[in-house]
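Presented below is the structure to which this report refers.
Every number in this text was worked out from the coordinates using simple rules, so none of it is lab data. Note that the structure is a prediction, hence the values are computed from the model and not measured. Heads up, the Cβs are rebuilt from the backbone with ideal geometry, glycines too, and the neighbour counts pull from every protein chain shown.
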Amino acid sequence: MSTGAEAPTPAPQCPVAFPLRQPGRPFPPPEYAQYRAGPGPVRTELPSGTVWLVTRHEDVRAVLTDPRISADPSRPGFPKASRTGGAPSQYEVPGWFVAMDPPEHGRFRKTLIPEFTVRKVRELRPAIQQIVDERIDAMLAAGTSADLVESFALPVPSLVISSLLGVPRADRDFFEDRTRVLVRLSSTDEERDKATQALLRYLGRLIQIKQRRPGDDLISRLIAAGTLSRQELSGVSMLLLIAGHETTANNIGLGVVQLLANPQWIGDDRIVEELLRYYSVADLVAFRVAVEDVEVGGRLIRAGEGIVPLLAAANHDDTVFAAPREFDPERSARSHVAFGYGVHQCLGQNLVRVEMEIAYRTLFARMPSLALAVPVEELSLKYDGVLFGLHELPVTWK
Amino acid sequence: MRITVDTGRCVGAGQCVLTAPDLFDQDDDGLVTVLDPTAGVSAGAAREAAALCPSGAISVAAD
Ligand code: HEM
Ligand code: SF4
């Protein structure tokens with residue numbers, strides 16, 4: 001097999017700290033720009049072994065479309081972000097297709113695609129609008145201040161995906177608690193296991209109920225399609241629940257802060273794509289491992305070495321996005337890789353776009369006096385999660 | 001211009017439909033279909049859709 005790489009450039013000797021996103025440091029970390037300008041992917045060591053950090057837009061896209069590179073975390077050398085270095089047990093769930101390679105991945109993806117087309121998501125608009133309005137009604141009824149993460153950003157995507165799946169509303173708190181354990185870097189493997197098992201048990205029961213009494217929901221349609229086993233159905237449902245929850249919530253929260261600082265963009269739907277690019281909340285999500293020797297950006301990556309395409313780095317590549325640190329909704333940001341690239345590119349992306357658009361529009365229309373309750377420097381940013389975002393967002397209104 | 005698509009590669013992300021709704025649609029299975037293979041006046045949008053498609057399912061060729 002040919003890799004096209006003749007003489008691999010020697011990698012830097014000293015391993016870099018990982019993750020580079022740390023409390024008190026700017027985001028995206030300044031090293032991202034440094035690495036992009038350097039000779040190619042940067043080598044570092046994690047508990048799981050050698051890992052290559054990939055930062056250029058072109059190289060990130062190449063990694064995410066290369067059939068010699070795998071998304072399967074059970075392969076030796078797959079990067080592990082957890083500080084404990086343990087394998088997150090959530091990946092061992094049947095139906096967890098984000099962690100599968102083609103052709104196995106395709107069986108799941110193809111079953112799900114019809115539920116997330118542009119048209120299907122458009123049909124969900126009234127339901128999403130109602131969920132957003134109800135959350136705002138509740139905030140207005142409760143007083144003149146709130147934590148917007150707790151009362152709006154987290155419940156909206158959670159209610160949207162729960163209603164799509166057919167999960168009863170009453171079980172929302174249960175889901176949010178367990179999901180947060182799974183996405184926190186500091187969770188122990190034991191905590192992750194417990195949360196995973198509780199979620200799967202719950203979904204197993206829900207599927208049984210829907211087998212007897214189908215409703216107008218995604219789980220019932222998947223049961224009717226008959227292509228997935230019950231275990232796979234629980235796994236797929238859990239993936240949808242988790243993948244779409246905190247990712248969207250973090251974008252909503254960060255977007256509100258950005259719009260409060262730059263109110264000239266309120267009401268302009270072009271902010272959605274630029275927010276996705278600018279914050280790249282899923283920077284550390286798309287981990288991979290080389291299955292064969294492969295050349296990326298002029299460096300030879302050996303079979304069994306891990307690859308971390310840094311999505312925020314690619315989305316701040318100044319050869320693709322001029323003045324990347326500027327928040328500019330007028331630029332054309334669509335080629336961002338905030339949703340990844342290749343066969344795993346986010347299945348829920350069109351749902352996200354509609355949710356974000358409706359969330360901002362409705363929030364600022366119905367709460368025109370919305371303001372931060374603390375100075376912006378005091379907002380607590382999430383550095384301990386796989387995802388970037390806000391822990392809380394204290395706001396007030398009149 | 002000639003637009004061709006490979007539904008075997010399509011992963012249904014819908015980038016093409018968002019970019020050029022007059023040229024692309026998703027069928028009942030969520031996979032890409034071409035509405036106007038000549039691209040008409042939307043040659044630029046066709047090229048953009050091909051560049052954004054995450055799975056390389058869209059090809060555009062000049063006449
Ligand atoms: C702003 C919000 C979101 C962001 C930034 C985001 C980001 C991503 C990224 C980067 C990937 C690729 C992972 C990889 O290549 O390893 C992905 C995959 C995925 N996302 Fe999202 N996501 C978001 C919201 C959602 C929502 C709302 C849903 C649910 C409906 C969802 C469902 C999925 C699924 C199922 C996959 C796996 C697709 C596959 O493997 O084929 N995501 N997402
Ligand atoms: S952008 Fe590509 S993968 Fe997505 S629906 Fe269109 S052809 Fe399919």
Length gained when the stretch A:Ala303-A:Glu45 is fully extended (0.36 nm per residue, less Cα-Cα span): 91.3 nm
³J(HN,Hα), Karplus 6.51/-1.76/1.60, whole Hz, each residue of segment A:212-217, x for Gly, Pro: 7, 10, x, x, 8, 8
Cα centre as origin, Lys/Arg/Asp/Glu Cβ charges: chain A dipole, Debye: 920 debye
Amide H within-cut-off set for A:Val296, under 5 Å, with H built and near neighbours excluded: A:Ile301
Residues of type lysines that A:Lys382 reaches as a straight line, Cα spacing below 25 Å, ignoring anything fewer than 8 places off in the same chain: A:Lys80, A:Lys194
Whole-Å distance, taken between Cα centres, linking segment B:18-63 and segment A:110-126: 19 Å
Likely footprinting exposure, A:Tyr35, A:Tyr278, A:Tyr202, fewest C-beta neighbours within 10 Å first: A:Tyr202, A:Tyr35, A:Tyr278
Two-site label geometry, A:Glu292 and A:Val374: point separation in nm, points 7 Å out along Cα→Cβ: 5.2 nm
Estimated distance in nm for a label pair at B:Thr4 and A:Gln197, the labels positioned 7 Å out from Cα along Cα-to-Cβ: 5.4 nm
Segment A:31-396, relative contact order [Cα under 8 Å, separation at least 6], %: 28 percent
Furthest towards positive pole of dipole, A:Ala290, A:Gln130, A:Ala153, structure part chain A, Cβ charges: A:Gln130
Amide H partners (placed H, <5 Å) of A:Ile307, local residues excluded: A:Trp52, A:Arg288, A:Val289, A:Ala290
Choice from A:Asp173, A:Asp72, A:Asp283 with maximal GNM fluctuation in chain A (Cα, 10 Å cutoff): A:Asp173
Simple spin-label estimate for A:Arg212 and B:Asp28 in nanometres, 7 Å along Cα-Cβ: 3.2 nm
Chain lengthening between A:Ala224 and A:Arg25 when straightened (0.36 nm per residue, less Cα-Cα): 66.7 nm
Helix-derived mean residue ellipticity, 222 nm - over the protein assembly as shown, DSSP H n ≥ 4, -39500 (n - 2.57), to 500: -12000 deg cm²/dmol
Hits among lysines - C-alpha to C-alpha of A:Lys110 under 19 Å, sequence gap 8 or more where chains match: A:Lys120
Segment A:31-396: C-alpha gyration tensor shape, a/c 1.5 cut-off, then a/b vs b/c: oblate
For segment A:343-353, Karplus couplings with θ = phi - 60° (6.51, -1.76, 1.60), whole Hz, Gly/Pro x: 5, 8, 3, 2, 5, x, 4, 6, 5, 4, 4
Listed residue (A:Pro41, A:Val118, A:Leu381) projecting farthest to the positive dipole end of chain A, Cβ model: A:Val118
Magnitude of the charge dipole, segment B:2-61, Cβ model with Lys/Arg +1 and Asp/Glu -1, debye to 20: 300 debye
Karplus 3J(HN,Hα) series, Hz, for segment A:128-135 with 6.51 cos²θ - 1.76 cosθ + 1.60 (x for Gly, Pro): 5, 4, 5, 4, 4, 4, 5, 5
DSSP-assigned coil residues among trypsin sites (Lys or Arg not before Pro) in segment A:308-382, each with at most 13 further Cβ atoms within 10 Å: A:Arg325
Linear extension gain, A:His391 paired with A:Arg180, 0.36 nm per residue minus alpha-carbon span: 74.9 nm
